[in-house]
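Scroll down for the structure; my scribbles are underneath it.
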Amino acid sequence: MYRWWHDSVVYQIYPRSFKDSNGDGIGDIPGIISKLDYIKDLGVNVIWLSPVYKSPNDDNGYDISDYRDINPEYGTMKDMERLITEAGERGIKIVMDLVINHTSDEHPWFIKSRQGHPEYRDYYYWRKGKNGGPPNNWTGFFGGGTWEKDEHSDEWYLHLFSKKQPDLNYHNPKVLEEIKDIMRFWLDKGIAGFRCDVINILFKTTLDDGKNKLILKGSEHYLSQEGNHKILQTLRKEVLSNYDCFTVGETVFVTPEMARDLCGADRGELDMVFSFEHMETDQIIVKWFKRKFRPKRFFKVISKWQRELDWNANYLENHDQPRSVSRFGDDDRYWEKSAKMLAVLLLTLRGTPYIYQGQEIGMTNFDFVSMEEIRDVESHNIYKIAGDLHFPKWLKWKLIKKTSRDNARTPMQWDPSENGGFSEGRPWINANHNYTRINVANQKKDTNSILSFYKDLIQLRAASPVLRKGTFKPVKIGRKVFIYEREYLGKKIKVILNFSPRTRRVDLEGNVLISNYKRGVLDGKIYPWEGVIVG
Ligand code: ISL
Ligand code: CA
């Protein structure tokens with residue numbers, strides 16, 4: 001059934017790095033409110049807001065210590081309510097980040113649990129150690145083990161992420177009751193749904209040792225388990241179905257079959273999911289070991305997901321991924337052309353497009369030179385593990401430089417002033433020095449800018465039922481050129497993308513609806529890094 005969010009374009013805001021309004025170097029909610037007209041002008045109608053809840057910021061808000069209050073660094077609950085209202089006045093809905101696989105270890109539930117409080121002990125997984133070590137052999141998402149010993153009780157608690165992010169125990173029905181109340185609390189404030197953090201690993205069927213493998217040992221005991229489906233079905237039935245809202249699940253290691261299972265009309269647990277396979281084509285097993293980006297491999301994965309899943313959540317970057325123009329395009333000689341070409345891909349696929357803050361102006365990977373500038377707990381964990389494995393310093397930095405999540409977390413670049421106009425104070429993380437060249441102010445008035453091109457594409461998509469509702473059919477998956485066709489009620493649109501710095505022949509003619517080169521007709525050639533829509 002067609003819903004309003006099928007027509008939406010979503011803009012993701014990472015609040016810590018978006019806009020600082022009070023000079024403390026930390027982005028905040030009043031800062032976001034001050035930029036609502038900019039977001040409206042871009043043409044998007046949903047904001048996905050990464051966590052703003054109370055948190056000690058071990059994982060920048062993905063470690064929540066109070067789900068019903070706002071991190072004072074970001075503002076107050078009044079500010080949050082004002083954001084929902086003022087966004088609504090501009091026709092923009094707010095989607096919050098629902099992080100329910102784990103809480104912060106500073107959440108009152110965990111504090112009481114750790115103290116052995118009978119009501120809360122079983123909110124988490126506590127187990128005796130084995131042979132003086134942890135209860136099992138599982139390994140975590142941030143590298144290393146997944147158990148932290150608590151001297152007080154001589155037991156260990158489970159954490160698939162950092163040790164300050166203890167996993168909630170959904171075998172205890174009280175936990176799900178708490179989550180339902182939290183979701184109703186926010187939906188009653190008028191938000192339009194949730195981006196659901198690692199939503200397919202909630203239920204740990206057993207805590208048995210995992211099979212021997214290189215990463216995430218033990219994941220066979222918690223990845224997309226039946227208990228997970230039951231949780232999502234309950235949340236859909238008892239909470240979400242009572243509101244006009246949508247959910248997009250972040251589902252690690254999901255396959256198209258799992259995704260159909262999660263989003264299929266019959267089960268209808270989630271409305272759409274972020275998959276990762278297209279983000280894994282330039283890595284070797286884990287993202288820290290890169291291999292050459294091969295466009296053809298990338299196109300094949302994109303095409304597979306377009307064909308095998310009716311509705312995708314399409315993205316090329318987010319707060320966990322490197323910047324797409326640096327990773328899939330050319331952030332040097334063909335910076336503008338390749339950023340625009342990637343925009344054509346994102347906004348012409350079937351599914352809901354998600355634009356990450358700064359992507360619309362072609363922000364690039366950071367220009368940091370050492371670990372002193374890195375803020376990400378994941379990066380520091382990996383750097384330490386590489387050190388324990390006696391990797392030389394140059395290799396440790398090489399692992400981090402291209403893959404650190406901080407590549408996407410440098411301050412949004414608003415203008416050429418100090419720190420890109422993000423803050424009057426010293427930012428919590430260094431700005432990229434290219435803010436003098438790459439910023440909103442330089443691009444707003446330039447009809448040829450990446451920002452203007454995103455606006456044009458978003459408008460084109462809004463006016464085109466073919467792009468919003470049409471089918472997807474691959475026409476050519478070449479080594480560097482990707483051609484596909486969208487079709488709806490007999491109307492066809494072709495998209496041609498050149499992931500290379502060379503002009504190439506394409507045996508296609510037609511009227512150009514939009515291209516990152518100014519031209520009206522397709523003349524059998526596609527230019528360097530060209531993205532063109534022919535209708
Ligand atoms: O880093 C990643 C992208 O390749 C993933 O391993 C990511 O850590 C994983 O998908 C989970 O991400 C989500 O949960 C984490 C949080 O650190 C991430 O920011 C969030 O997107 C724990 O809450
Ligand atoms: Ca601030």
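The values are calculated or read from the model by the stated rules, or taken from the named source; none is laboratory data. For clarity, every value in this text was computed on a predicted model and none was experimentally measured. Please note: Cβ atoms are built from the backbone with ideal geometry, for glycine as well, and neighbour counts cover all protein chains shown.
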When residues of the range 62-84 are filtered for being in contact with a Phe, Trp or Tyr (Cβ under 9 Å, 6 or more places away or on another chain) and more than 14 Å from ligand 2 (Cβ to nearest atom), how many remain? 9
Can you name the condition, by its number, that residue 360 falls short on among (1) at pLDDT below 95; (2) within 29 Å of residue 95 (Cα to Cα)? (1)
Applying the selection to the range 275-297, what residues are within 17 Å of residue 346 (Cα to Cα) and in contact (Cβ under 8 Å) with a residue 60 or more places away in the chain? 295, 296
Matching strands (runs of 3 or more DSSP E) fully within the range 431-535 where at least 2 residues are small (Gly, Ala, Ser): 504-515
Of everything in the range 201-226 that's in contact with a Lys or Arg (Cβ under 8 Å, 6 or more places away or on another chain) and part of a helix (DSSP H, G or I), which residue is surrounded by the most Cβ atoms within 10 Å (Cβ to Cβ)? 221
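Quick one: is residue 72 within 16 Å of ligand 1 (Cβ to nearest atom) and assigned to a loop (DSSP other than H, G, I, E, B)? Before the answer, list the steps.
Values: within 16 Å of ligand 1 (Cβ to nearest atom): no; assigned to a loop (DSSP other than H, G, I, E, B): yes.
So residue 72 does not fit the description; no.
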Would you confirm whether or not the range 357-378 contains a residue that is in a strand (DSSP E or B), in contact with a strand residue (DSSP E or B) (Cβ under 7 Å, 6 or more places away or on another chain), in contact (Cβ under 8 Å) with a residue 60 or more places away in the chain and under 30 Å from residue 483 (Cα atoms)? no
Please go through the range 275-297 and give me each residue that is within 14 Å of ligand 1 (Cβ to nearest atom) and surrounded by 18 or more Cβ atoms within 10 Å (Cβ to Cβ), ordered by number. 275, 278, 279, 281, 282, 287, 288
Does the range 2-9 contain at least one residue that is within 29 Å of residue 466 (Cα to Cα), in a helix (DSSP H, G or I), modelled with pLDDT of 95 or more and of a type in the set (Ser, Thr, Tyr)? no
Which numbered condition trips up residue 342, out of (1) without any contact (Cβ under 8 Å) to a residue 40 or more places away in the chain; (2) within 24 Å of residue 433 (Cβ to Cβ)? (1)
Tell me which residues, restricted to the range 10-58, are within 14 Å of ligand 1 (Cβ to nearest atom) and not in a loop (DSSP other than H, G, I, E, B). 12, 13, 15, 16, 17, 48, 49, 53
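Of everything in the range 301-316, what is away from ligand 1 (no atom under 16 Å from the Cβ), outside any loop (DSSP other than H, G, I, E, B) and crowded, with 17+ Cβ neighbours inside 10 Å? Give them in sequence order.
302, 303, 305, 306, 312, 314
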Can you give me the number of residues within the range 146-174 that are surrounded by fewer than 21 Cβ atoms within 10 Å (Cβ to Cβ) and touching an Asp or Glu at 6+ places or on another chain (Cβ under 9 Å)? 7
Identify, from the list 81, 106, the residue that is within 16 Å of ligand 1 (Cβ to nearest atom) and surrounded by fewer than 21 Cβ atoms within 10 Å (Cβ to Cβ). 106
Suppose we filter 457, 497 for residues that are touching a Leu at 6+ places or on another chain (Cβ under 9 Å) and closer than 23 Å to residue 18 by Cβ; which single one remains? 457
With respect to residue 319, is the statement that it is in a helix (DSSP H, G or I), within 22 Å of residue 357 (Cα to Cα) and within 14 Å of ligand 1 (Cβ to nearest atom) true? no
Condition first: free of Cβ contacts under 8 Å to residues at least 24 places away in the same chain and either away from ligand 2 (no atom under 15 Å from the Cβ) or buried (at least 22 other Cβ atoms within 10 Å of the Cβ) (or both). Now tell me which residues in the range 5-51 satisfy that. 31
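Counting just the residues of the range 262-274 that are of a type outside the set (A, V, I, L, M) and in a loop (DSSP other than H, G, I, E, B), which one comes out surrounded by the fewest Cβ atoms within 10 Å (Cβ to Cβ)?
The residue in question is 266.
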Meets criteria (in contact with a helix residue (DSSP H, G or I) (Cβ under 6 Å, 6 or more places away or on another chain), closer than 23 Å to residue 301 by Cα and surrounded by fewer than 16 Cβ atoms within 10 Å (Cβ to Cβ)) for residue 486: no
Residues located in the range 341-389, provided they are at positive phi and surrounded by 21 or more Cβ atoms within 10 Å (Cβ to Cβ): 358, 362
Among the residues in the range 93-114, are any over 24 Å from residue 196 (Cα atoms) and within 16 Å of ligand 2 (Cβ to nearest atom)? no
Need at least 2 residues that are more than 30 Å from residue 211 (Cβ to Cβ) per element, so show me which strands (runs of 3 or more DSSP E) inside the range 107-200 make the cut, counting only ones lying wholly within it. 193-196
The residue from 215, 199 that alone is of a type outside the set (S, T, N, Q) and within 26 Å of residue 243 (Cα to Cα) is 199
